[in-house]
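To start, the structure under review is shown below, and the notes come after it.
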Amino acid sequence: MEETVMPATPPEKILKELADLWVSTSKEGAAEAAQGVLRACTMTLIVMAEDGEDPVGLGETIAALMPEHPARTIVVRLTGAGGPALRQRVFAQCWMPFGQRRQICCEQVEITCSDASLRDVPSVVLPLEVPDLAVILWCRSPRLLDMAEFRTLAAMARRVVVDSEGLADAPSALNRLAGELANGMVLGDLAWTRLTRWRQALAQIFEDPRNASSLSGEARIVVSGAGAVTTRALYMASWMADAVVAVGASASVQIRTRAPRTFAELACGDFQARLERHDGHLVSTVNGVSQCTLLPKPDDYLLLREELGIVQRDLVFEKTLASAAQFSYATVE
């Protein structure tokens, strides 16, 4: 479809283009396959990204998500200070399930805007949200989190997903996110989502009552960052400390700034547990006995698929975020 450029983008024009898109898509589907085209939508997914970001990679991520989480996707690309005011295009994301002849399609709208026109985005996007369905905002732009318009944009959605791992000052970043959480914003963080397999591995260790009974007195927790104190390391350390305190023990926490193979360690008396990555595997070691499982590196598709599967507030994440923003730790190399 031909792209248009204008000082302002009337949402009525985009809605008309979407209606025309379905008419043309249905005609093409009827001509190519006897069973036509099925429209699918379970939510509105708003993606905020920088215009310089690889469009192919982002497009592949969105296309991979659609079969499991079909959505009307609205991608807003930020051009910075010198770009055009607002411009848009609409198209369909289609796939054909194995063994069937009918295509399933979702709508996608792409809006490009300058920083100055960012304040006009809600007036364009809000009428495009699908009525009575969840609205998720995925903020891929670290720069946007510091802009005054962020809260207005976040107010369009029921849930906001960020990635704090790309932020420079981890403690400050978590303080800001904890503040937004306290003000009522429902948040998800891909830095936390990356910890799912690690947290599962540690939780499985303490499913053994003998290991759980070892947590008494003071436990020593060491979590490694990637050359610095990262939000992921703070999340993991805070979650571990909260779990230790919940069973009646106390915890001292260290964040190791260098990046060794070992990611997390917990020691309490004679008990020792260690989690590390080795050749694409997660190795959990308890008192010298190791177990090994596959640990594929999560990409944006896997991370966001997990986040979109959370239909209610993630209370464990919210508790950990609030703790991570204020708990005490020491840093070591």
#### Entry: Criterion (open to solvent by less than 10 Å² (accessible area, probe 1.4 Å) and assigned to a strand (DSSP E or B)) met by exactly one of Val121, Val125, Val75
Val75
#### Entry: Residues satisfying the stated conditions in the stretch 294-326, i.e. open to solvent by 50 Å² or more (accessible area, probe 1.4 Å), assigned to a helix (DSSP H, G or I), more than 19 Å from Leu234 (Cα to Cα) and not charged (D, E, K, R)
Tyr301, Leu302
### Task
Pick out the one residue from Pro67, Pro97 that is in a loop (DSSP other than H, G, I, E, B), within 20 Å of Ile136 (Cβ to Cβ) and either at pLDDT below 90 or in contact with a strand residue (DSSP E or B) (Cβ under 7 Å, 6 or more places away or on another chain) (or both).
Pro67
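Quick one: how many residues across the stretch 275-293 are free of Cβ contacts under 8 Å to residues at least 24 places away in the same chain, polar (S, T, N, Q) and open to solvent by less than 30 Å² (accessible area, probe 1.4 Å)? I'd like the intermediate steps shown before the answer.
Here is the first cut: in the stretch 275-293, the residues free of Cβ contacts under 8 Å to residues at least 24 places away in the same chain are 276-281, 283, 285, 287-292.
Retained after the next criterion (residues that are polar (S, T, N, Q)): 285, 287, 290-291.
Pick out the ones that are also open to solvent by less than 30 Å² (accessible area, probe 1.4 Å) and you get 285.
Qualifying residue count, the stretch 275-293: 1.
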### Summary
Scanning the stretch 89-106 residue by residue, those of a type in the set (Lys, Arg) and over 26 Å from the mean Cα position of the chain (by Cα) turn out to be Arg101, Arg102
#### Entry: Among (1) closer than 30 Å to Glu60 by Cα; (2) more than 20 Å from the chain's Cα centre (by Cα); (3) not charged (D, E, K, R), the one test that Ser290 misses
(1)
### Query
Considering the stretch 128-152 alone, what residues qualify as being surrounded by 20 or more Cβ atoms within 10 Å (Cβ to Cβ) and at positive phi?
none
### Query
What's the number of the condition Leu86 fails, among (1) surrounded by fewer than 21 Cβ atoms within 10 Å (Cβ to Cβ); (2) over 19 Å from Asp20 (Cβ atoms); (3) more than 24 Å from the chain's Cα centre (by Cα)?
(1)
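What do you reckon, is Pro260 within 30 Å of Ala157 (Cβ to Cβ) and in a loop (DSSP other than H, G, I, E, B)? Full working, then the answer.
On the way: within 30 Å of Ala157 (Cβ to Cβ): no; in a loop (DSSP other than H, G, I, E, B): yes.
So Pro260 does not fit the description; no.
Regarding the stretch 273-280, can at least one residue be identified that is part of a strand (DSSP E or B) and in contact with a Cys (Cβ under 9 Å, 6 or more places away or on another chain)? Show your work before the answer.
Filtering the stretch 273-280 down to residues part of a strand (DSSP E or B) leaves 273-278.
Cutting the leftovers down to in contact with a Cys (Cβ under 9 Å, 6 or more places away or on another chain) gives us 278.
Looking for residues that are part of a strand (DSSP E or B) and in contact with a Cys (Cβ under 9 Å, 6 or more places away or on another chain), one finds at least one in the stretch 273-280, hence yes.
The values are calculated or read from the model by the stated rules, or taken from the named source; none is laboratory data. On a predicted model such as this, the values are computed, not experimentally measured, just so you know. Note that we place each Cβ from the backbone using ideal geometry, even for glycine, and neighbour counts take in every protein chain shown. Remember, those area values only see protein heavy atoms, side chains included, never the ligands or the DNA or RNA. Shrake-Rupley method; radii C 1.70, N 1.55, O 1.52, S 1.80 Å.
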